[in-house]
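What follows is a set of notes on a single structure, which appears directly below.
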Amino acid sequence: ETGVTQSPTHLIKTRGQQVTLRCSSQSGHNTVSWYQQALGQGPQFIFQYYREEENGRGNFPPRFSGLQFPNYSSELNVNALELDDSALYLCASRPDRTHEKLFFGSGTQLSVL
Amino acid sequence: SQQGEEDPQALSIQEGENATMNCSYKTSINNLQWYRQNSGRGLVHLILIRSNEREKHSGRLRVTLDTSKKSSSLLITASRAADTASYFCATDSRAGGGADGLTFGKGTHLIIQP
């Protein structure tokens, strides 16, 4: 058990729609990051939030956005869904900003039709 | 983009044998980590090795790091059926200042035959 929970587990959307994925981190984990994992690939870094502010971003377009809340929950929002957005989305948290051990949730499997 | 490349992509061995998987990366790093993933679900942290370390042990795991060759290896000794999973190396780039996430490889899929 990592203490990180994600919802929903699975989601099916249509191209062009918008989606919100949710994550609940361990208490005291001030940093949350989101990763996209396509089938057969390793996770790719989307962005990172530290104390409710984005402080790092990977090579993803602005239609990928996020929020982090004071209660250690966070959201990943994706607008104008494309077929290639179909993937497993993973949330990971840790107590500080260093890249020491990450605690991952079980992920949300998003399918875009 | 993915910095790390694991080798082999897939590995099948008998229970009780040792499993070795390798990882290569491209840039200077602060640390290198290994994670395990069962059936496409969440990743579990296994071990971290810092750039100034050469070898580290944790239970049945042994990881080595060669920064001159930009490579690492993970050894799992006395493998068990429950070790069947995908294993990923992930690097923390020194240039990133802690804000550009971990860079993962594509993973090694390990199958332990009972």
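What follows is calculated from the coordinates using simple rules that are stated; it is not laboratory data. All values derive from a computational prediction rather than experimental measurement. Positions of Cβ are backbone-derived with ideal geometry, glycine not excepted, and every protein chain shown enters the neighbour counts.
Data table
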item	result
Within 10 Å of each Cβ in A:29-40, the average number of Cβ atoms from other chains	2
Theoretical FRET efficiency, 1/(1+(r/R0)^6), r = Cβ-Cβ of B:Glu55 and B:Gln113, R0 41 Å, to 0.05	0.90
For segment A:55-72, 3J(HN,Hα) per residue [Karplus equation, 6.51 cos²θ - 1.76 cosθ + 1.60, θ = phi - 60°, Hz, x = Gly/Pro]	10, x, 8, x, 8, 10, x, x, 5, 9, 9, x, 9, 10, 10, x, 8, 6
Given charges at Cβ of Lys, Arg, Asp, Glu: the protein assembly as shown dipole, positive-most of A:Leu102, B:Ser12, A:Ala87	A:Leu102
Principal semi-axes in Å for chain B [√(5λ), Cα gyration tensor, largest first]	24, 15, 12
Segment B:9-25 - phi-based ³J(HN,Hα) in whole Hz, Karplus 6.51/-1.76/1.60, Gly and Pro as x	6, 9, 8, 10, 9, 7, 4, x, 7, 8, 10, 10, 10, 10, 9, 10, 9
Furthest towards positive pole of dipole, B:Met21, A:Ser111, B:Ile47, structure part the protein assembly as shown, Cβ charges	B:Ile47
Dipole of the protein assembly as shown [Lys/Arg +1, Asp/Glu -1 at C-beta], most positive-end residue of B:Ser93, A:Gly40, B:Asn38	B:Ser93
Over segment B:1-79, relative contact order from alpha-carbon pairs under 8 Å, at least 6 apart, %	32
For segment A:4-72 and segment B:4-31, distance of Cα centres in Å	27
Built amide H within the under 5 Å cut-off of A:Gly107, gap 5+	A:Gln6, A:Cys91
Unit charges on C-beta of K, R, D, E only; dipole of chain B, Debye	200
Qualifying GluC sites (Glu not before Pro) in segment A:68-113, DSSP loop, other Cβ atoms within 10 Å at most 16	A:Glu82, A:Glu100
For segment A:16-113: Kirkwood Rh in Å [reciprocal of mean 1/r, alpha carbons]	13.4
Cα-centre dipole for the protein assembly as shown with unit charges at Cβ (Lys and Arg positive, Asp and Glu negative), debye to 20	140
Note, ³J(HN,Hα) from phi for segment A:19-31, Karplus 6.51, -1.76, 1.60, rounded to Hz, x at Gly and Pro	9, 10, 10, 10, 9, 10, 8, 5, 4, x, 8, 7, 10
